[in-house]
Amino acid sequence: MRKLGHPLPLGTATAVSIMRHPIHPMVVPFPIAFLLAIVATDLAFLGTGDEFWARVSLWLAGGGTVLGVVAGIIGTLELLLIRGIRHRPAGWSHFVMAVMLLAVAFINWLTRIDDPLSAIHGSGLYLSLLGALLVSIAGWLGGDLVFEHHVGLGKHKDEDGADEDEGH
């Protein structure tokens, strides 16, 4: 219990990377963009009645869900493998929001598969808006991990120029 009272060092290395570049932040922009764009394509369908937009929403929901699962697997590995992330509440909050987001995205996609047109008039737009809200919250928490806790950045130079050792 004593070690829980010690501050975590700034900077945490990544476990899932290519040449020390973390993969998770490389993958998340795609599901984020896809899941946010569903709101726009749903509204475009409702405004124009053009079936094209309903089909685009279906593909965005599917792509956002599948790529979100890929990003989620990578993020989960980081969470489970790296003590510095596991010991930060922001890491667990980000994880919970991302799981909630993936559940909503999957349900949104499933409701559209059989009939993309009527799904938008039913729960589709609401699920898209909820997904956009969850993307925003999960993204904020993920950004907090990077910008405030320096997760995935490795060692951090403090203000006097001295490197902080990750072993503290």
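The values are calculated or read from the model by the stated rules, or taken from the named source; none is laboratory data. These figures come from a predicted structure and were not determined experimentally. FYI the Cβ positions are ideal-geometry reconstructions off the backbone, even for glycines, and counts take in every protein chain you see.
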Worksheet, complete the sentence: Counting only residues that are in contact (Cβ under 8 Å) with a residue 40 or more places away in the chain, aliphatic (A, V, I, L, M) and within 25 Å of residue 128 (Cα to Cα), the stretch 83-102 contains a total of 4
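Matching residues to (1) of a type outside the set (Gly, Ala, Ser); (2) on the phi > 0 side of the Ramachandran plot; (3) modelled with pLDDT of 95 or more:
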{"position": "68", "(1), (2), (3)": "no, no, yes"}
{"position": "72", "(1), (2), (3)": "no, no, yes"}
{"position": "78", "(1), (2), (3)": "yes, no, no"}
{"position": "82", "(1), (2), (3)": "yes, no, no"}
{"position": "87", "(1), (2), (3)": "yes, no, no"}
{"position": "99", "(1), (2), (3)": "yes, no, yes"}
{"position": "103", "(1), (2), (3)": "no, no, yes"}
Response to the item:
Selection from the stretch 34-55 of residues surrounded by fewer than 15 Cβ atoms within 10 Å (Cβ to Cβ) and either touching a residue at least 24 places away in the same chain (Cβ under 8 Å) or not in a helix (DSSP H, G or I) (or both) yields 46, 49, 50, 51
Worksheet item: Say we look at the stretch 11-31 and pick out the residues that are in contact with a Leu (Cβ under 6 Å, 6 or more places away or on another chain) and not in a helix (DSSP H, G or I); which of these is farthest from residue 63 (Cα to Cα)?
Response: 11
Worksheet, complete the sentence: Condition set part of a helix (DSSP H, G or I), free of Cβ contacts under 8 Å to residues at least 40 places away in the same chain and exposed (fewer than 15 other Cβ atoms within 10 Å of the Cβ), scope the stretch 103-120, selection farthest from the chain's Cα centre (by Cα): answer is 118
Discussion item. What are the pairs with Cβ atoms under 6 angstrom where one residue, in the stretch 137-152, is surrounded by 20 or more Cβ atoms within 10 Å (Cβ to Cβ) and the other, located anywhere, is part of a strand (DSSP E or B) and not aliphatic (A, V, I, L, M)? Sequence gap at least six, or different chains.
Written reply: 151/12; 152/22
Fill in: Near pairs, Cβ below 7 angstrom, 6+ apart or cross-chain, from the stretch 11-31 (over 16 Å from residue 86 (Cβ atoms)) to any residue that is part of a strand (DSSP E or B) and among the hydroxyl-bearing types (Ser, Thr, Tyr)
23/17
